[in-house]
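Engineer: Quick one: this structure, given as structure tokens, is what I'll be asking you about.
The values are calculated or read from the model by the stated rules, or taken from the named source; none is laboratory data. Note that the structure is a prediction, hence the values are computed from the model and not measured. Cβ coordinates were reconstructed from backbone atoms using ideal geometry, including for glycine residues, and neighbour counts include every protein chain displayed.
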Amino acid sequence: MAAPGVRSQVTLRLHRHSAALLRKIRAPRCHTRSCRDDRQAMSVPNEPITLPLATRRTGKSIADLVRRMGMPRTLSRWGARGFLAAMLLGSAFITVLSLPYFDFETLPPFVIEKLPLRFESLWLGALRTHVAAAALSFPLCLLLMTRALQRHTRWHRWLGRITGVLVLLALVPSGVALAFDAKGGWLVTAGFLLSAAIVAGAMMVGVRAARRRQLSLHARAMRHVVGQMSVAIWSRALIVGLDAASVDPQVAYVVALWLPVLASAAVVEALAGRPLILRRNRIELVERIPS
């Protein structure tokens, strides 16, 4: 029989061994180094995080940074508003000048210069259709580019559908028919056909993108439509300026058409990385558009 001292030592060792086994069973085992590091980090008391105090220099640098970031956004916003206002005024001015085309009793001087025409009645019908479609679709396109209307998705959607129908079924076909009798020769005709192709292609891409909720692509395509429709205003302004500079009329017509057509397409592609709709507004539009 074991002595009492030996018995107490054995009992103490058994208690220690059982306590160690219980700790291993209850505590989760860390098989990875990251887990062991996490356990060590949890055992260390958290140290207080100290932030540097804002000084006059740091405050001024942050204010300058915010000012530099906000200035380009402000300039681009006012530039877009100025462009829309100028195009709206130009469209209204051209519409007023085009009212004599709807006088069915007398022919305006512009039409008399084209005589004789092979299909005079068909050409006059295409001219009146083109003028009426442009007078309606271009202001609608400008209105659809505003943020105020983009926030109202239902109005934006229905006005966009009306504008798309006017452009694809009235404006572009009549413009193509008139292009073959354009003043300035085949170079001007080619310029009008290129502009019409850009408008029709961009409109179809924009409609398809809107149906698929690809709003960045939709905005980019609509910029191309607005840019090519603004060619009518820029071209008339260039013709006046080139005429004042005593440039040959044949050269003036070619330059006044091709320069706005190519410049509008280039500007739109240059701005392609800057979406018209902010990310926050784009998310709101996606949430509001019903499936």
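Engineer: Against the conditions (1) β-branched (Val, Ile, Thr); (2) under 18 Å from Arg236 (Cβ atoms); (3) in contact (Cβ under 8 Å) with a residue 40 or more places away in the chain, where does Thr129 fall short? Just the number, please.
Structural biologist: It fails just one condition, (2).
Engineer: Among the listed residues Val188, Val131, Val167, which satisfies the condition of being within 27 Å of Arg223 (Cα to Cα) and at pLDDT 95 or above? Give the steps one after another, and end with the answer.
Structural biologist: Details: Val188 fails: at pLDDT 95 or above; Val131 fails: at pLDDT 95 or above.
When all the criteria are applied, what remains is Val167.
Engineer: Of the residues Arg220, Arg147, Arg208, Arg154, which single one is over 22 Å from Phe93 (Cα atoms), loosely packed, with under 15 Cβ neighbours inside 10 Å and touching a residue at least 40 places away in the same chain (Cβ under 8 Å)?
Structural biologist: Working: Arg220 fails: loosely packed, with under 15 Cβ neighbours inside 10 Å; Arg208 fails: touching a residue at least 40 places away in the same chain (Cβ under 8 Å); Arg154 fails: touching a residue at least 40 places away in the same chain (Cβ under 8 Å).
Result: Arg147 is the single residue among Arg220, Arg147, Arg208, Arg154 that is over 22 Å from Phe93 (Cα atoms), loosely packed, with under 15 Cβ neighbours inside 10 Å and touching a residue at least 40 places away in the same chain (Cβ under 8 Å).
Engineer: Filter segment 85-139 down to residues that are closer than 22 Å to Leu166 by Cβ and of a type in the set (Val, Ile, Thr) and give me whichever is surrounded by the fewest Cβ atoms within 10 Å (Cβ to Cβ).
Structural biologist: Going through the qualifying residues, I end up with Val96.
Engineer: Would you mind telling me which numbered condition in (1) farther than 30 Å from Ala219 by Cβ; (2) in a helix (DSSP H, G or I) Pro116 fails?
Structural biologist: Condition not satisfied by Pro116: (2).
Engineer: Restrict the check to segment 182-193 and report whether at least one residue is within 18 Å of Pro139 (Cα to Cα), in contact (Cβ under 8 Å) with a residue 12 or more places away in the chain and either within 15 Å of the chain's Cα centre (by Cα) or surrounded by fewer than 19 Cβ atoms within 10 Å (Cβ to Cβ) (or both). Write out each step before concluding.
Structural biologist: Going residue by residue through segment 182-193, those that are within 18 Å of Pro139 (Cα to Cα) are none.
No; the residues of segment 182-193 include none that is within 18 Å of Pro139 (Cα to Cα), in contact (Cβ under 8 Å) with a residue 12 or more places away in the chain and either within 15 Å of the chain's Cα centre (by Cα) or surrounded by fewer than 19 Cβ atoms within 10 Å (Cβ to Cβ) (or both).
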